[in-house]
Amino acid sequence: MNLSKIRLVTFDVTGTLLKLRTAPGQQYGEIGAMYGLVADGHILSRNFKDQWRRMNKEHPNFGLNSGLGWENWWKTVVKETFKSSKFKIEEDKVEKVASHLLEMYKTSACWQHCYGVPGLLSYIRSKNIPMGVISNFDPRLHAILVNTKLKHYFQFVLTSYETGIEKPDPRIFDLALKSVPANIKPEECLHIGDKPLLDYKAARNCGWNSFLLSETEIPKLKQKLEDLDENHCFGSAYQLHVNLLKKSGDKLPTPEQELN
């Protein structure tokens, strides 16, 4: 596929545009130590995963509809990650750690670009194609995109918390269509993400085109989604960029150019 018939491109964020610099368990441990909370990093990593799954199940979409709210949702994740470590935890200290992490995760201290992202975004913008973000995220995403110098590429940013709709619900893709002034049809849209079901299949169910960015081997991806087209799968934004350039006949960038 080239971009000649595409009039809107949207992106997922985590694992697509941005990735964490440090695993949450390790990051929690480092900040916890600053406040005198010392816990084993491996235990914190396991606890974080457990709490993430539990909170998503009990309070989906960052606690929007349960009344918890996204700030308290994340503070609960942090506190329970430490409290489940079986170490004696002082409540005032863990509250400070939670508040610190809540703010820190807005910044580039925690986030970095996935490989090839700036080059891909610049290329799509050079084709005068509007771009947006569709992400299951809390409202901090706007600040994160500003702080990682990506926000200026996008005409709109739709988060699940602010819209009240989580992927794979087709309504959030419908909102994206309404977020640009032109009368754009679903078949003229392209969504790029890293989740087989939440991104690739969800977009296609809406009549959109979609690409999957994942380092996972194709056979493993097809275990999650049997009808996944391997021609729509790329190991990185750089690989997708190269593919689009080849299809269009444009000059290929070097990996060094992509990093600049």
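Please enumerate the residues belonging to the stretch 73-99 that are under 14 Å from R140 (Cα atoms) and surrounded by fewer than 17 Cβ atoms within 10 Å (Cβ to Cβ).
S99
Given the options S126, S84, S99, S135, name the one that is within 14 Å of the chain's Cα centre (by Cα) and hydroxyl-bearing (S, T, Y).
From the options S126, S84, S99, S135, the qualifying one is S135.
Considering the stretch 16-37 alone, what residues qualify as being free of Cβ contacts under 8 Å to residues at least 60 places away in the same chain and touching a helix residue (DSSP H, G or I) at 6+ places or on another chain (Cβ under 7 Å)?
A23, P24, G25, Q26, G29, G36
Hand me the list of strands (runs of 3 or more DSSP E) wholly inside the stretch 52-163 holding 3 or more residues that are more than 18 Å from R21 (Cβ to Cβ) and touching a residue at least 40 places away in the same chain (Cβ under 8 Å).
So the answer is 131-135.
Among V13, V94, V77, which is of a type in the set (V, I, T), touching a helix residue (DSSP H, G or I) at 6+ places or on another chain (Cβ under 6 Å) and at pLDDT 95 or above?
The match here is V77.
So, of the residues in the stretch 205-223 that are modelled with pLDDT under 90 and surrounded by 14 or more Cβ atoms within 10 Å (Cβ to Cβ), which turns out to be nearest to L120 (Cα to Cα)?
The extreme case among them is T216.
Scan the stretch 1-48 for residues that are hydrophobic (A, V, I, L, M, F, W, C), within 21 Å of C114 (Cβ to Cβ) and in a loop (DSSP other than H, G, I, E, B) and report the count.
6
Please go through the stretch 131-166 and pick out each residue that is of a type in the set (K, R) and either within 18 Å of W73 (Cβ to Cβ) or exposed (fewer than 15 other Cβ atoms within 10 Å of the Cβ) (or both).
Within the stretch 131-166, R140, K149 meet the criteria.
Take the residues in the stretch 105-123 that are of a type in the set (G, A, S) and surrounded by fewer than 16 Cβ atoms within 10 Å (Cβ to Cβ); name whichever of them is farthest from the chain's Cα centre (by Cα).
Residue satisfying both the conditions and the ranking: S122.
Could you please let me know if Q51 is at pLDDT below 95 and either assigned by TED's automatic domain parsing to the domain that holds K83 or closer than 23 Å to E215 by Cα (or both)?
The answer is no for Q51.
The values are calculated or read from the model by the stated rules, or taken from the named source; none is laboratory data. Treat the numbers as computed from the prediction; the structure is a model and nothing was measured. Virtual Cβ from ideal backbone geometry, glycine too; neighbours counted across all protein chains shown.
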